[in-house]
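Worksheet for the structure shown next.
Derivation of every value follows stated rules applied to the coordinates shown; laboratory data play no part. For clarity, every value in this text was computed on a predicted model and none was experimentally measured. Positions of Cβ are generated from backbone atoms using ideal geometry, with glycine treated the same way; all protein chains shown enter the neighbour counts.
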Amino acid sequence: MSLRTFLRFFAHVQLLPILESGEETLVGGQAVMEGVMMRAPHSYCVSVRKPSGEIVSEEMPVERMSEKYPWMKYPMLRGLGTLGQAMSLGMKALKFSANAALDDGSEKPAEVTGWMTTVQIIFSVVFFLVVYKLIPLKLTEYLSNWKPVLKGQIAFNAVDGLIRLAIFVGFLWVLSRSKDIRRVFEFHGAEHKVVFNFESGKPVNVENAQSFVTWHPRCGTSFMFVIMLMSMVVYMIVPAPTFAAKLAERIIFLPIMVGLSYELIRFAARRRGSFLALLTAPGLWTQRITTKPPSDEQAEVAIHALNGAMALEAKQGGELVIA
């Protein structure tokens, strides 16, 4: 694997939570390398356009986490189960898309292997903890030593949260300057447009899909933004006197933040005019970075993935709820 391919794959892994959308009873999807993954409650399909122009797909049935583990149907827990499954499917889709995108027709095309994926996941977890937990905390501690007024629990955690948000948005903006990642964001826009098209009840085709906007309330970008906003509030309430305690708190509380944020996004997606829906607005604004207008060819790939997922869903007799 070339250095460029390794870096592209690494960037995609970092973007997995940002590009993913959907929940158990709804259609959702994720942009992958030169393609889109779509999923329905019991099915999954990823479609990728190869360098030759051919669209290739991979489909498989998916069991709902709440059916496999009934305790995951309850509030807070269902968010953890849904996100965990989405990340697992996302890695499978990303690996398939990377191998398809690397298939240039040569006798032995480059391939993403299992150990490469494992290394990427480990490195990505470390990267996340350092960039979004350790660095904001360390910078805030430095600022509080310079300005003692920031040592108060509310002020300290407010600054820590703002630094985290700035790093998050800045990281996305820097990535968006890359030609390769911009194409990912275009496929992300294609996925949102096609999901909107499906939810509208209109025939799903390129012309109809292109009439919709690219930002969607169930997007992983909004989800990540809400997690950071809610974390800021919770850390202001729960005391942690030392640096080590603050860092441990940010790691231990992460599953709770995921569960709370999932419920809020779920509520906001169904009641888009409510007060709580306003909390998701910054995530929708940030999607101006993580989604870009797709070409007709990119929308076609997203439709191909949706059709594959829906065909498999129909074979299994699955029921679909349109929000």
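Points worth noting:
- Fewest-first sequence of Lys50, Lys193 by Cβ atoms within 10 Å of each Cβ: Lys50, Lys193
- Other-chain or far-sequence residues with amide H under 5 Å of Ser43's (modelled H): Val62
- Computed over the alpha-carbon pairs of the range 162-240, the distance histogram in 10 Å steps reads 16, 34, 28, 16, 5, 0 percent, short to long.
- Nearby lysines by direct alpha-carbon distance to Lys73 (threshold 30 angstrom, same-chain neighbours under 8 apart not counted): Lys92, Lys95, Lys133, Lys193, Lys315
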